[in-house]
Amino acid sequence: MRLLIATHNRGKLIEYQAMFADLPFELVTLDDVGIRDDVPETGATLAENARLKALGYARASGLLTLADDSGLEVDALGGEPGVRSKRYAGENKSDAERNAFLLAKLRDVPAGKRTARFRCVIAIATPDGKLWETDGVCEGEIAFDARGTNGFGYDPIFHVAERGVRMAELSTAEKNRVSHRARAAEQARRVLLGIIESVGRDT
Ligand code: ITT
């Protein structure tokens, strides 16, 4: 059975491919199935956007589809950038520009008050509109500079509380043990195995 991992973000795709390598699904990407059009992320929350993407791409592809919407919540900014994590520094910015923008915003916030978390909501949908949802968080702090070259997005400025290093200093395998996405994916794995089982029963 094929599972569409519906993301344009290469960093996310690499993480899912590693986490789901042992699942009895053939993982395919939006490129593999020739989908070029974006599902607009018009939701007010991560969960709404994850649902929009999973349902939209499942309908467009005719495949069981997994999508996630994720973001960074900074306590000193009242939970921003949150659902606006991608566009926070403006349209079409690089990861380095987004990180520099956030560090500048937090210039006067002292150590100890820079707590933050990554949050990920995963939605899984079928082409006929069945929907499942899981989520995960990873707690940490925003550092004062960027460090590390692994991962993507805000990883170089995010100090992972339980590891004592930046997210971008962890290998993909290590990130996949502690990240928001890994925690949501662990529950998603159970959903996916349940779907496989029910398909087996029905055929
Ligand atoms: P898709 O919608 O195509 O999946 P995206 O990059 O638009 O990809 P999101 O809207 O879910 O993904 O994510 C918003 C931003 O949050 C993303 O561009 C990153 O800057 C940041 N982000 C999400 N997950 C992250 C992670 O694991 N590490 C670092 N930054 C992350």
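The values are calculated or read from the model by the stated rules, or taken from the named source; none is laboratory data. What you see is a predicted model, and the numbers here were worked out from it, not measured in a lab. As a convention, Cβ positions derive from the backbone with ideal geometry for all residues, glycine included, and neighbour counts pool all protein chains shown.
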Original post:
Which condition number does Gly153 fail, the rest of (1) surrounded by fewer than 18 Cβ atoms within 10 Å (Cβ to Cβ); (2) closer than 25 Å to Leu52 by Cβ being met?
Top reply: (1)
**OP:** Please enumerate the residues belonging to segment 124-162 that are of a type in the set (Ser, Thr, Tyr) and under 30 Å from Met1 (Cβ atoms).
**Re:** Thr126, Thr134
**OP:** Considering only residues that are near the ligand (Cβ under 10 Å from one of its atoms) and touching a Pro at 6+ places or on another chain (Cβ under 9 Å), look in segment 53-72 and name the one that is nearest to Ile124 (Cα to Cα).
**Re:** Gly71
**OP:** Give the number of residues within segment 14-50 that are out of contact with any Cys (no Cβ under 8 Å at 6 or more places or on another chain), of a type outside the set (Gly, Ala, Ser) and either assigned to a loop (DSSP other than H, G, I, E, B) or closer than 20 Å to Arg84 by Cα (or both).
**Re:** 20
Subject >> Of all residues in segment 115-129 being within 16 Å of the ligand (Cβ to nearest atom) and among the charged types (D, E, K, R), the one that is nearest to Ala143 (Cα to Cα) >> reply: Arg117
Subject >> Which listed residue, of Glu174, Glu162, Glu141, is charged (D, E, K, R), over 18 Å from Asp95 (Cβ atoms) and touching an Asp or Glu at 6+ places or on another chain (Cβ under 8 Å) >> reply: Glu162
Subject >> Count of residues meeting criterion [within 11 Å of the ligand (Cβ to nearest atom) and closer than 20 Å to Ala184 by Cβ] in segment 23-52 >> reply: 9
Original post:
Hey, among the residues in segment 161-173 that are surrounded by fewer than 23 Cβ atoms within 10 Å (Cβ to Cβ) and under 16 Å from the mean Cα position of the chain (by Cα), which one's nearest to the ligand (Cβ to nearest atom)?
Top reply: Ala168
Original post:
How many residues are within 30 Å of Glu141 (Cα to Cα) and either modelled with pLDDT under 95 or of a type in the set (A, V, I, L, M) (or both) when one looks only at segment 168-203?
Top reply: 8
**OP:** For segment 110-128, enumerate the residues that are free of Cβ contacts under 8 Å to residues at least 60 places away in the same chain and surrounded by 17 or more Cβ atoms within 10 Å (Cβ to Cβ).
**Re:** Arg114, Ala116
Subject >> Boolean, Phe152 is within 14 Å of the ligand (Cβ to nearest atom) and touching a strand residue (DSSP E or B) at 6+ places or on another chain (Cβ under 8 Å) >> reply: no
Original post:
Within the bounds of segment 176-196, is there any residue that is within 16 Å of the ligand (Cβ to nearest atom), touching a residue at least 12 places away in the same chain (Cβ under 8 Å), in contact with a Gly (Cβ under 6 Å, 6 or more places away or on another chain) and among the β-branched types (Val, Ile, Thr)?
Top reply: no
